[in-house]
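**Student:** Would you mind keeping the following structure in view while I ask a few things?
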Amino acid sequence: MSPWLHEEVARRMEARLDWIRQPPAAWCHWDPVRGGVAAHALLRQRFPGAHCQIFESAEHLRPMAKDLLGPAWWSPGRWRVDFGAPERGSVQMLWANMALHMAADPKALLAAWHRAISVDGYLMFSCLGPDTVRELRSLYEQRGWPPPSHAFTDMHDWGDMLIDAG
């Protein structure tokens, strides 16, 4: 359902959660349809008792998110899943795979994530950087074509924006 690359990046991100000592009581999966439906299952398995908030920012993907990720009516975990934007300070982990580099206003997105994360919570995110598709950019330039994508933000700049967001 989700792009292969997004699922692979999410799988590798999920493996990094072995380093986290205290599991979240509540977590948010931000844009799960594009970011990794299969990865969502790994996260639910890792944190079976945690409340899960699912937020799909693309309105046209919200029904798909509910169909793919909503628990069955008979599931004992159905009361631990909500759909929609997380409340201020309501999650200890916010999971956002491959979303930041596509945001029209990344500072606003970082601010929204910051609002959702509780004190001592953490953000797990991934994004593409400026060296992504470098060879493709070179080929397009040689042919006189417009760039194949926007110029991705450098990780140092993302770090500065994260600090600015709090």
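The values are calculated or read from the model by the stated rules, or taken from the named source; none is laboratory data. Not measured: the values here are computed from a predicted model. All Cβ positions, even for glycine, are placed from backbone atoms using ideal geometry, and neighbour counts span all protein chains on display. Surface accessibility is based on the protein's heavy atoms, side chains included, excluding ligands, DNA and RNA. Shrake-Rupley method; radii C 1.70, N 1.55, O 1.52, S 1.80 Å.
**Student:** Taking all protein chains in place and a 1.4 Å probe, what share, in percent, of the accessible surface of segment 2-91 do carbon and sulfur account for?
**Tutor:** Details: 3000 of 5330 Å².
Taking all protein chains in place, segment 2-91 shows 56 percent carbon and sulfur surface.
**Student:** Still on this model: By the scheme Lys and Arg +1, Asp and Glu -1, what is the net charge of all other residues having a beta-carbon under 15 Å from that of GLY36?
**Tutor:** Summing Lys/Arg as +1 and Asp/Glu as -1 gives +1.
**Student:** Size of the dipole of segment 1-156 about the Cα centre, Lys and Arg at +1 and Asp and Glu at -1 on the beta carbon, nothing else charged, in debye to 20?
**Tutor:** Values: 17 positive and 16 negative charges, 59 e Å.
Here the size comes out at about 280 debye.
**Student:** Oh, and also: Work from the charge dipole of the chain (Cβ charges, +1 for Lys and Arg, -1 for Asp and Glu, about the Cα centre) and give the residue of ALA10, LEU100, GLN142 farthest towards its positive end.
**Tutor:** Of the options given, the answer is ALA10.
**Student:** Separate question: Label ALA25 and GLU87 with points 7 Å out from Cα along Cα→Cβ: what is the distance between them in nm?
**Tutor:** So the two model labels end up 1.2 nm from each other.
**Student:** Note the full-extension length gain between GLU141 and LEU61 as 0.36 nm times their separation in residues minus their Cα-Cα distance, in nm to one decimal.
**Tutor:** So the chain would gain 25.4 nm between GLU141 and LEU61.
**Student:** From the Cα trace of the chain, what convex hull volume per residue do you get, rounded to a whole Å³?
**Tutor:** On the way: hull volume 21.0 nm³, N = 166.
For the chain, the hull spanned by Cα atoms encloses 127 Å³ per residue.
**Student:** Using a 1.4 angstrom probe, figure out how much accessible area segment 1-148 has per residue, in square angstrom, rounded to the nearest whole.
**Tutor:** Working: 8760 Å² over 148 residues.
Value returned for segment 1-148: 59 Å² of accessible area per residue.
**Student:** Please state the shape class of segment 1-68: rounded when a/c is under 1.5, otherwise prolate if a/b exceeds b/c and oblate if not, all from the C-alpha gyration tensor. Could you put the intermediate results ahead of the total?
**Tutor:** Numbers: a/c = 2.36, a/b = 1.37, b/c = 1.73.
Taking the square roots of the gyration eigenvalues as a ≥ b ≥ c, segment 1-68 is oblate.
**Student:** Counting other Cβ atoms within 10 Å, keep those with at most 15, restrict to DSSP loop, and tell me which GluC sites (Glu not before Pro) in segment 11-99 are left.
**Tutor:** Details: sites: GLU14, GLU56, GLU59, GLU87; in loops: GLU56, GLU87.
Qualifying residues, ordered by number: GLU87.
**Student:** Using just the helices of the chain, give the 222 nm mean residue ellipticity in deg cm²/dmol: DSSP H runs with n ≥ 4 each add -39,500 (n - 2.57), and the total is spread over all residues, rounded to 500. Please list the in-between numbers first.
**Tutor:** Numbers: 7 runs with 67 residues, N = 166.
Computed mean residue ellipticity for the chain: -11500 deg cm²/dmol.
**Student:** Stretch ARG12-ASP164 to full length: gain in nm at 0.36 nm per residue minus the Cα-Cα span? Working shown, then result.
**Tutor:** Working: separation 152, 0.36 × 152 = 54.72 nm, distance 2.71 nm.
Result for the pair: 52.0 nm of gain on full extension.
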